[in-house]
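In what follows, a single structure is set out as structure tokens and then discussed.
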Amino acid sequence: MSETKKFKTEVQQILDLMVHSLYSNKDIFLRELIANSADAIDKARFEALTNSDISKDWEIRLKTNKDDSTLTISDNGIGMTKAEVVQNIGTIAKSGTQAFLEALEKSKAQDSPELIGQFGVGFYSAFMVSDKVELVTKRAGSDEPAVRWSSTGKSSYTLEEAAREEQGTEITLHLKGDEKSYLEEWKLKEIVKKYSDYIEHPVKMSVTKKKDDESEETTDETLNSQKAIWLRPAKEVTEEDHKNFFSQLEHFGGEPLHTIQYAAEGTSEFKALLYLPEKAPFDLFMPEQRKQSLHLYIKRVFITDDCKGLLPDYLRFVKGVVDSSDLPLNISRETLQDNPAILKINKNLVRKILAELAKIMENDSEKYLKFYKEFGRTLKEGVHTDFQNKEKLQDLLLFETMNGDAEKLVSLKEYVSAMPEKQKEIYYVTGEDRKVLEESPLLESVEKNGFDVIFMIDPIDEWVVQSLTEYDGKKLKSLAKGDVELDADSTKETEKKLKKADKEHKKLVDFLKKTLEEKVKDVRFSKRLTDSACCLVGDEYDPSINMERIFRAMNQDMPATKRILELNPDHPLVAGMQKTFDASKDDPKLADYAAMLYDQALLLEGASIPDPKSFSKKITDLMVAAMS
């Protein structure tokens, strides 16, 4: 007895897109279905290691029927139970669907086939070329009967028992009237060769050939080479080969920016084929959705595409295959991560990848910059989490600086080599926006001395500088915290000037401290100001104002830290306030001036002021008084 079920809303959105497809390259539906079959066989082959009831003569088969206008793709893989069919085909993770639709809209592309596979909606691509899709499947090693699923891609699908006895899945596409080219042998061969040549399992089809006497015969033909690309000598693999294989890995799409082919021998024997992608995937910073990035094989037997121990999380952007000779085939997936052989592979891979990145950085700066703009943030995660490779990682970091434009990123090595001899520390400021940082009064004395400043405008930089405290023997110094010591001569002169200002303006400073005691922890004269009247700074180990912003943006509780209001002893505003104070220390204008100083310091660092209306009124009153 059959039953009809409605598609979930998110599935219907995808189906509507596929049925009314805008894609001109519809060939990728076959790539997706063959890839799904290969995944099903990989799962069955793994289970067969411990279950002798599972068939082991693996193959994927294509079959056409020109009379019925049908194309069938079948495999003898793991198959599905009825519940699994409902779960896997009747539902898609809503977040993944939304991300797919948003990415499609963002790309503004009418032909972005890589998106279909990238977001896990490959099965539904069958509806680009079909009026109806039928699926018959039986779970390997299960006593449950086979199940038939069918749908026209509209609002619902039907389920019923089927007569299939052998394990695996058979998908029959009832082709649309204008899609009959997919019944032609040459067309199917062309697609398989282009997209699925490296699938390890044979993709077979019965083909018609002419004999010498011009009569025809039907023979079974394997359409793909089945050659494991990672086992072939590097010089035999073309750029096109790599591009095609890369597109099959997790159906990510796009193109590889750089290829790393690696063979380890000795205490740990394995081969690896790794790719640095040209573009970051949509889920790079969505840990709840992404799998690990490498496929693990053992002696060419696929084990898993989610082995969490192969690479540290900060290298999750690396795609590829690792084929080990050391691991036992029957190893439990649960014990992979802690296996000593996996840990050795991890160590070798990290060393190789970081060395390759350093080589690109040195020899092809344009290519490295392209990579860094996509994945630099994840490398910064490594500085904070991978102490063993911290020095190698910090050499790979790039930053904007005060003296360079936004497009010119420099390494710490380049920054240090350009430092004047009298500069003893690496100066930096953190913030949300370069333009705000460029106008910051914190830069004044450093700029006057001819020093450069690193602009850290990536949110993760706040965590990076907690671990990256020095480089090449030089400390990293935040201009927004603690004291700033420049060269010895200017420091001596500045100290003398500050001592004089402290003596001349002591009572005024005491007044400002008392007036602003709810807002600041201290008021003092500044070593870092040359032009501006004031600025706000923190103590050496206080969290920065930018860190507070980041935590609030993440809805995390972080109490605001009182900071220090610094005054420029040479600014005429200080002299003017002193004059008013000397005339009458009870003048109500002084409290207004104190509040305006604090608000002005907030504005200079790009922060919002607590009472804009009051600040505006004070400014207006000053303007009126000046014009009277």
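List of remarks:
- Residue list for region 51-69, restricted to those being surrounded by fewer than 18 Cβ atoms within 10 Å (Cβ to Cβ) and either assigned to a strand (DSSP E or B) or within 37 Å of the chain's Cα centre (by Cα) (or both): 59, 63, 65
- Filter pass, residue 432 being touching a helix residue (DSSP H, G or I) at 6+ places or on another chain (Cβ under 7 Å), in a helix (DSSP H, G or I) and modelled with pLDDT under 90: no
- Selected residue [of a type in the set (Lys, Arg) and farther than 25 Å from residue 138 by Cβ] from 204, 194: 194
- Failed criterion for residue 46 (all others in (1) part of a loop (DSSP other than H, G, I, E, B); (2) in contact (Cβ under 8 Å) with a residue 24 or more places away in the chain; (3) of a type outside the set (Val, Ile, Thr) hold): (1)
- When 158, 218, 137, 172 are checked against the criterion of being β-branched (Val, Ile, Thr), part of a strand (DSSP E or B), outside the structural domain of residue 40 (by TED's automatic domain parsing) and over 30 Å from residue 325 (Cα atoms), a single residue qualifies: 218.
- Criterion violated by residue 475 - all others in (1) assigned to a strand (DSSP E or B); (2) touching a Leu at 6+ places or on another chain (Cβ under 8 Å) satisfied: (2)
- Out of 414, 444, 381, 374, one residue alone is of a type in the set (D, E, K, R), without any contact (Cβ under 8 Å) to a residue 60 or more places away in the chain and outside any strand (DSSP E or B). It is 414.
- Boolean, residue 373 is among the charged types (D, E, K, R), surrounded by fewer than 20 Cβ atoms within 10 Å (Cβ to Cβ) and touching a strand residue (DSSP E or B) at 6+ places or on another chain (Cβ under 7 Å): no
- Selection from region 384-411 of residues that are in a helix (DSSP H, G or I) and touching a strand residue (DSSP E or B) at 6+ places or on another chain (Cβ under 7 Å): 394
- Only one entry of 512, 498 meets the criterion of being at pLDDT 90 or above and out of contact with any Ser or Thr (no Cβ under 9 Å at 6 or more places or on another chain), and that entry is 512.
- Residue that is nearest to residue 533 (Cα to Cα) [pool: residues in region 573-628 that are in contact with a helix residue (DSSP H, G or I) (Cβ under 7 Å, 6 or more places away or on another chain) and of a type in the set (Phe, Trp, Tyr)]: 593
Yes/no per residue for (1) crowded, with 20+ Cβ neighbours inside 10 Å; (2) hydrophobic (A, V, I, L, M, F, W, C); (3) touching a residue at least 24 places away in the same chain (Cβ under 8 Å); (4) in contact with an Asp or Glu (Cβ under 8 Å, 6 or more places away or on another chain):
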{"site": "451", "(1), (2), (3), (4)": "yes, yes, yes, no"}
{"site": "496", "(1), (2), (3), (4)": "no, no, no, no"}
{"site": "499", "(1), (2), (3), (4)": "no, no, no, no"}
{"site": "511", "(1), (2), (3), (4)": "no, yes, yes, no"}
{"site": "518", "(1), (2), (3), (4)": "no, no, no, no"}
{"site": "525", "(1), (2), (3), (4)": "yes, yes, yes, yes"}
{"site": "536", "(1), (2), (3), (4)": "yes, yes, yes, yes"}
{"site": "548", "(1), (2), (3), (4)": "no, no, no, no"}
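- Selection status of residue 521, under 15 Å from residue 601 (Cβ atoms) and modelled with pLDDT of 90 or more: yes
- Hey, residue 593 over 25 Å from residue 486 (Cα atoms), hydroxyl-bearing (Ser, Thr, Tyr) and in contact (Cβ under 8 Å) with a residue 40 or more places away in the chain or not: no
- In region 147-180, the residues that are at pLDDT 90 or above, over 19 Å from residue 74 (Cα atoms) and in contact with a strand residue (DSSP E or B) (Cβ under 9 Å, 6 or more places away or on another chain): 152, 157, 158, 176, 177, 179
- Within region 524-556, being aliphatic (A, V, I, L, M) and either more than 23 Å from residue 448 (Cβ to Cβ) or assigned to a loop (DSSP other than H, G, I, E, B) (or both) holds for 529, 533, 545, 547, 550, 553, 554.
- Residue check for residue 144: part of a loop (DSSP other than H, G, I, E, B), loosely packed, with under 13 Cβ neighbours inside 10 Å, touching a strand residue (DSSP E or B) at 6+ places or on another chain (Cβ under 9 Å) and touching a residue at least 40 places away in the same chain (Cβ under 8 Å): no
- Matching residues, region 488-527, being aliphatic (A, V, I, L, M) and closer than 17 Å to residue 538 by Cβ: 516, 520, 523
- Set 418, 406: member being surrounded by fewer than 20 Cβ atoms within 10 Å (Cβ to Cβ), aliphatic (A, V, I, L, M) and more than 30 Å from residue 285 (Cβ to Cβ): 418
- Residue count for region 601-628, restricted to those that are part of a helix (DSSP H, G or I) and among the charged types (D, E, K, R): 4
- Exactly one residue among 508, 498 is closer than 19 Å to residue 591 by Cβ and in a helix (DSSP H, G or I), and that residue is 508.
- Output for region 559-588, where each listed residue is in a loop (DSSP other than H, G, I, E, B), closer than 16 Å to residue 520 by Cβ and of a type in the set (D, E, K, R): 562
The values are calculated or read from the model by the stated rules, or taken from the named source; none is laboratory data. Worth saying up front: this structure is predicted, and the values here are computed from it rather than measured. No Cβ is skipped: glycine too gets one built from the backbone with ideal geometry, and neighbour counts run over all protein chains shown.
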